[in-house]
Amino acid sequence: MIAFLAKRLSVGLVTLIVASVVVFAVLEVLPGDPAQLMLGMNATDEAVATLREQMGLDQPLLVRYASWIGGLLTGDFGRSFTYSSPVLDLIAERAVVSLPLALIALAMSTAIAIPVGLFAAARRGKAADTVTMGAAQIGVAVPNFWFALILIYVFAVWLRLVPSGGFPGWEAGVWPGIKALLMPAVALALPQAAILSRVTRSALLEVLGEDYIRTARAKGMPRRHVLWRHALRNAMIPVLTILGLQFAFLLAGTIIIENVFYLPGLGRLVFQAITQRDLIVVEGVVMLLVASVILVNIVVDICYALVDPRLRSNA
Amino acid sequence: MTAWKSILAATALALASSTAAFAARTDVVVGVVLEPPHLDPTAGAAAAIDEVVYANVFEGLTSIGPAGEVEPALAASWEISDDGKVYTFKLHEGVKFHDGSDLTAEDVKFSLDRARAEDSTNAQKGLFAQIDSVEAVDPTTVKVTLKQPQGSFLYNLGWGDAVIVAPESAEGNKEKPIGTGPFKFDNWAKGSSITIVKNPDYWGEAVALDKAEFRIIPDAAAAVPALLSGDVHAFPNMPAGDALPQIQSDSRFEVVIGATEGETVLATNNKKAPFDNLKVRQAIAHALDRDAIMAAGSSGLGTPIGSHFSPANEAYVDLTGTYPLDLDKAKALLKEAGYPDGFKATLKLPPPAYARDGGQVIASQLREIGIELEIIPVEWAQWLEQAFKGKDYDLTIVSHTEPNDIGIYARKDYYFNYDNPDFDKVIAELDVASDQAKRNELFKQAQEILAKDAVNGFLFQLPKVGVWDAKLEGMWENAPIQATDLTGVKWAD
């Protein structure tokens, strides 16, 4: 198990280093001067030059890369060009919104998808299966921002049960914070749940066709027991894979939902930073997201090993 | 019976007290589309900065009023020497910064010197170029000496970039702005909202509001439900889009279409062939149908313009008829210019709807006379680097939102690449003229020269779509300067 972990971690580290080079290089070739952008069309050339100097943009490329990496290694992500506050503070402010949102959405989606998948698989080919999978098909097809707008109009404009968007901050209390995240989480979770339930169902059906299931059934084990104890556990590998991918998506890919609900999350921070060419913020957030995706993948790999003991030895 | 009476009385009381509570409302939530990068108006060009802090948190010696007029602000009065070169400002007494320190003439000297210093990062450094020296005569008197008379000097001092800051707090203004205004900065939840509260020690007339929150709502689709649900009370400039008629028909809201200082133009590279040919530019002007462009680019709102000047200004001349819509004439001009079959060119479009949607219509209009435009969408950062700085463009669409900025056409090396000594002469005269009648006459001449030269395709003045709760009073109709001045805003009883 230790060798397995060591191998996974070293692969992750190499991925991180490669990612840092790619991220830095891509942002470097992006046209646009952050200083000019901040000072606008009427700025004099000398004012722009002074600002570039203050931002450290007059330094050569390699020097800037080295100082950026050096900073990252000591936990210093640098200072935002536009906000002029430490990048790590900006990320922390946004992560307290994005992380709970992703976790709530993931919990919702799992809580819906696994039972639905089991239900449909157990009734394969029957009306109940057709109806739930039909609904899931619609769930996969519906764009989440459109679904979000429907939620806003029903629950915020018409029923006035929740705010139409925005985030009051955790200092306003735990419940107001969760209340603000509820609708965005539903909007994120349902399409994900639709995908996950279809994956769960098909993985289960595959397992249910295996010989050992027939054996278990033949020796008189109750249906329910077979489904939960034998089938579900063996169907978990593809489900875990999808869950890992979905969590990574929920962390980084929620920009559209964040815009619709005007939530101050990581997605919007990156988007804003890109349009303002606040390169150091983009670099910092992207590196953090890369790291968290790598971490999620390692956790998923460990889960594989826990679910399927055979994978532990070949690692 | 008595039971009924007491219930009635209790209900009446409850109703009365609830209306009383409502009448006493002193907070407002204002929706804004863009989040300011920081809150120091003297260190950035972003309109979003001024839209939060100008007139509310920071004040200058003068200020720009709702009709674009220059009003006294921190300077109670001023005297101008006969040669127009020396301005002596008398400051209000008892003005305090939000950190409790007194405003003195030294702070004014510091602010103006900082803005024009060699290492200044003021986005409008040019505003201060004519200042020769600033002298603090006594604690409430400041003497500014100019290198030469400048007609627009008092107006320039009203810009957000010219607000007065204190030496001890200037560096921290980006995060925690300390000004002299009627509101104090309270809190900035990044990505979410900025809150300002009433300044109890304000030197002038106290504001009616106790608290104002600017909520950042970047998505047009989110702005409409935020208004309908009552979460936001006012959008000084609402991205309402197709939902505007629905809001207009709702009696809970007031919709006020005002004017901005944004001249929206089809900017043309005047030194690049074939646009260096006057006939080609005239042909383009004859082919543009402003109403159709406005219908696509700004929901049909706005005012058509025929030169680079705001219709709200008293010196405005309507020149939209200089080159009326006439496709035959346009084709004939192209033929005379040597392009009987038209030509191919590019059209770079920055993100706003006026450019992206208006640009599609312009491309189809110019196709009518044989000019094939390849549309290239660009981000602002790209636009600034390529079109604005690099002058690597044929045509592009931009709204020039700085107030009274006709002088940009006289700038050497500006991205229009326009060069006309006659125009430069008018602007040079304008720079030193301080008599309003003479200034207006010169403004007229300048507008006419640009219209005749068809420097750019002059399209329309960008509208300001103000939407707010019908009970909210005092919001500005027009935007003569980029600001959300809340000093006169209150809830009706």
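What to note about this one:
- Unique match (being in the same structural domain as residue B:239 (by TED's automatic domain parsing) and farther than 30 Å from residue A:149 by Cβ) among B:123, B:208, B:136: B:208
- Scanning the stretch A:1-40 for residues that are farther than 15 Å from residue A:284 by Cα and either in a loop (DSSP other than H, G, I, E, B) or of a type in the set (D, E, K, R) (or both) yields a total of 8.
- Pairs meeting the criteria (first residue in the stretch A:284-309 and farther than 17 Å from residue A:88 by Cβ, second residue open to solvent by 40 Å² or more (accessible area, probe 1.4 Å) and small (Gly, Ala, Ser), beta carbons under 8 Å, at least 6 apart or on different chains) are A:293/A:252; A:305/A:315.
- All conditions but one from (1) open to solvent by less than 20 Å² (accessible area, probe 1.4 Å); (2) within 14 Å of chain B (Cβ to nearest Cβ); (3) more than 17 Å from the chain's Cα centre (by Cα); (4) within 30 Å of residue A:51 (Cα to Cα) apply to residue A:283; the one that does not is (2).
- Taken over the stretch B:442-477, the criterion of being charged (D, E, K, R) and either free of Cβ contacts under 8 Å to residues at least 40 places away in the same chain or on the phi > 0 side of the Ramachandran plot (or both) is satisfied by B:471, B:473.
- The residues on offer are A:235, A:156, A:248, A:187, and the sole one that is touching a residue at least 12 places away in the same chain (Cβ under 8 Å), under 30 Å from residue A:288 (Cβ atoms), in the same structural domain as residue A:116 (by TED's automatic domain parsing) and surrounded by 22 or more Cβ atoms within 10 Å (Cβ to Cβ) is A:187.
- Among the residues here, residue B:382 qualifies as in a helix (DSSP H, G or I), over 21 Å from the mean Cα position of the chain (by Cα), more than 18 Å from residue B:290 (Cα to Cα) and of a type outside the set (A, V, I, L, M, F, W, C).
- Single condition residue B:397 does not satisfy, out of (1) of a type outside the set (S, T, N, Q); (2) surrounded by fewer than 18 Cβ atoms within 10 Å (Cβ to Cβ); (3) not in a loop (DSSP other than H, G, I, E, B): (2)
- Residue count for the stretch B:195-221, restricted to those that are among the hydrophobic types (A, V, I, L, M, F, W, C) and closer than 18 Å to residue B:94 by Cα: 3
- Residues located in the stretch B:313-348, provided they are open to solvent by less than 40 Å² (accessible area, probe 1.4 Å) and part of a helix (DSSP H, G or I): B:330, B:333, B:334
- So residue A:111, is it free of Cβ contacts under 8 Å to residues at least 12 places away in the same chain and either touching a Ser or Thr at 6+ places or on another chain (Cβ under 6 Å) or farther than 30 Å from residue A:57 by Cβ (or both): yes
- Pair list, Cβ < 7 Å and 6+ apart or interchain, from the stretch A:55-75 residues that are under 16 Å from residue A:281 (Cα atoms) to residues that are part of a loop (DSSP other than H, G, I, E, B): A:55/A:81; A:64/A:56; A:68/A:78; A:71/A:77; A:71/A:78
- Only one of B:408, B:427 that is away from chain A (no Cβ under 14 Å) and either farther than 27 Å from residue B:295 by Cβ or not small (Gly, Ala, Ser) (or both): B:427
- Assessment of the stretch B:357-369 against the conditions (open to solvent by less than 30 Å² (accessible area, probe 1.4 Å), within 14 Å of chain A (Cβ to nearest Cβ) and not aliphatic (A, V, I, L, M)) yields no matching residue.
- Of all residues assigned to the stretch B:112-119, at least one qualifies as being within 10 Å of chain A (Cβ to nearest Cβ), open to solvent by less than 40 Å² (accessible area, probe 1.4 Å), part of a loop (DSSP other than H, G, I, E, B) and modelled with pLDDT under 95.
- Filter pass, residue A:220 being open to solvent by 30 Å² or more (accessible area, probe 1.4 Å) and of a type in the set (Gly, Ala, Ser): yes
- Between A:230, A:225, the distinction of being farther than 22 Å from residue A:107 by Cα, touching a residue at least 12 places away in the same chain (Cβ under 8 Å) and more than 14 Å from chain B (Cβ to nearest Cβ) belongs to A:230 only.
- Pair list, Cβ under 6 Å, 6 or more apart: the stretch B:370-389 residue more than 9 Å from chain A (Cβ to nearest Cβ), other residue open to solvent by 50 Å² or more (accessible area, probe 1.4 Å): B:370/B:341; B:372/B:344
- Here is the figure for the stretch B:182-218: residues that are within 14 Å of chain A (Cβ to nearest Cβ), open to solvent by 40 Å² or more (accessible area, probe 1.4 Å) and in contact (Cβ under 8 Å) with a residue 12 or more places away in the chain total 3.
- Residue match in the stretch B:478-485 (condition: under 30 Å from residue B:253 (Cα atoms), outside the structural domain of residue B:83 (by TED's automatic domain parsing), touching a residue at least 40 places away in the same chain (Cβ under 8 Å) and open to solvent by 30 Å² or more (accessible area, probe 1.4 Å)): yes
- Flag for residue B:366 being assigned to a loop (DSSP other than H, G, I, E, B) and closer than 14 Å to residue B:288 by Cα: no
- Qualifying residues in the stretch B:420-448 (those that are among the charged types (D, E, K, R) and at pLDDT 95 or above) - the one most open to solvent (accessible area, probe 1.4 Å): B:425
- Whichever residue in the stretch A:114-133 is in contact (Cβ under 8 Å) with a residue 60 or more places away in the chain and either within 14 Å of another protein chain (Cβ to nearest Cβ) or open to solvent by 40 Å² or more (accessible area, probe 1.4 Å) (or both) and, among such residues, is nearest to residue A:243 (Cα to Cα): A:116
- Residue in the stretch B:172-180 that is of a type in the set (Ser, Thr, Tyr), without any contact (Cβ under 8 Å) to a residue 40 or more places away in the chain and either farther than 13 Å from residue B:39 by Cα or in contact with a helix residue (DSSP H, G or I) (Cβ under 7 Å, 6 or more places away or on another chain) (or both) present: no
The values are calculated or read from the model by the stated rules, or taken from the named source; none is laboratory data. Just so it is clear, the model here is predicted, and its values are computed rather than measured. Quick reminder, even Gly has a Cβ in these numbers, built from the backbone with ideal geometry, and neighbours come from all protein chains shown. Note: areas computed on protein heavy atoms with side chains; ligands, DNA, RNA excluded. Shrake-Rupley method; radii C 1.70, N 1.55, O 1.52, S 1.80 Å.
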